[in-house]
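The values are calculated or read from the model by the stated rules, or taken from the named source; none is laboratory data. Note that the structure is predicted; figures quoted are calculated from it, not measured. Heads up, the Cβs are rebuilt from the backbone with ideal geometry, glycines too, and the neighbour counts pull from every protein chain shown.
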Amino acid sequence: MAIKENLQTIENRIDLACKRCKRNPSDITLINVSKTKPIEILQEGYEAGMRLFGENKVQEIRDKYIAFDKEDIYWHMIGHLQRNKVKYIVDKVALIHSVDSYRLAQMIHQESLKKNLVSEILIQVNIANEQTKFGLDNNDVLDLITDISQLTNIKIMGLMTIAPFVDDSEDNRLIFRNLHKLSVDIKEQNIDNVSMDVLSMGMTNDFEVAIEEGATMIRIGTALFGNRNYIKR
Ligand SMILES: *Cc1c(COP(=O)(O)O)cnc(C)c1O
């Protein structure tokens, strides 16, 4: 698999998207979504220059953290996180993208306190207001952020969303625009301990539109590593 070429292609597309909206490519952080991929593939990515890896399963992060032990790589938790599993990863991940409840934040705070660290998190917002299982309604976000900002061992860095899978990425433009708007609104509140500098949105099928609408982190799997083979358990 030509991961190096895939990465080059994505970097070129990021540059082009940035040109269209007069942004600086260095303001866009690419999260290489390596979920389901074996260590050899991550190693190939590493050799091509990848340092940030996105995973969505606690067990997989734990396994890869041990098996792929490099000083200069960072793990991002991008999947739904259960409270009883927080303790396994707070000291292993650089950023948790998927905080959608106070109870989860409280658990991250408690486990971080125990390990004497501050965990950086994003609030996952369900901006599409769909009947999806996880994520928050737009209106509740400010209240949640205000509550979480009181927790000393958590730092809220911004917002994250997963847009629906669509054939035409233009269909997600308004979702991205609204999430950006929301993050600007929240930033204007100047809440202590809340930065709102990170906007994690855009995946293989829609990252260019997300960049045009203000994404600072894009999460890409398929376009870098190919299709995922899920093993049924
Ligand atoms: C799998 C996943 C991605 C990557 O999706 P691709 O379409 O393969 O780029 C991004 N974000 C989240 C939260 C994911 O679970």
key: Close pairs (7 angstrom Cβ cut-off, 6 or more residues apart or separate chains): of a type in the set (Asp, Glu) in the stretch 1-27, assigned to a helix (DSSP H, G or I) anywhere   = ASP15/PRO25
key: Pick from the stretch 196-225, criterion surrounded by 23 or more Cβ atoms within 10 Å (Cβ to Cβ) and in a strand (DSSP E or B), ranking: nearest to the ligand (Cβ to nearest atom)   = ARG219
message = Given the options SER183, SER112, name the one that is modelled with pLDDT of 95 or more, hydroxyl-bearing (Ser, Thr, Tyr), within 16 Å of ALA215 (Cα to Cα) and assigned to a helix (DSSP H, G or I).
response = SER183
request  = Check off (1) touching a strand residue (DSSP E or B) at 6+ places or on another chain (Cβ under 9 Å); (2) at pLDDT 95 or above for ASP168 and give me the number that stays unchecked.
outcome  = (1)
remark   = Only unsatisfied item for ILE145, checking (1) surrounded by fewer than 19 Cβ atoms within 10 Å (Cβ to Cβ); (2) away from the ligand (no atom under 16 Å from the Cβ); (3) not aromatic (Phe, Trp, Tyr), is (1)
query = Which of the following residues is more than 15 Å from the ligand (Cβ to nearest atom), of a type in the set (Asp, Glu) and not in a strand (DSSP E or B): GLU60, GLU71?
reply = GLU71
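Here is a check on your reading of the model: is ASP69 modelled with pLDDT under 95 and more than 22 Å from ASP197 (Cα to Cα)?
yes
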task = Evaluate the stretch 158-177: report whether one residue or more is charged (D, E, K, R), within 14 Å of the ligand (Cβ to nearest atom) and either more than 27 Å from ASN12 (Cβ to Cβ) or surrounded by 17 or more Cβ atoms within 10 Å (Cβ to Cβ) (or both).
result = no
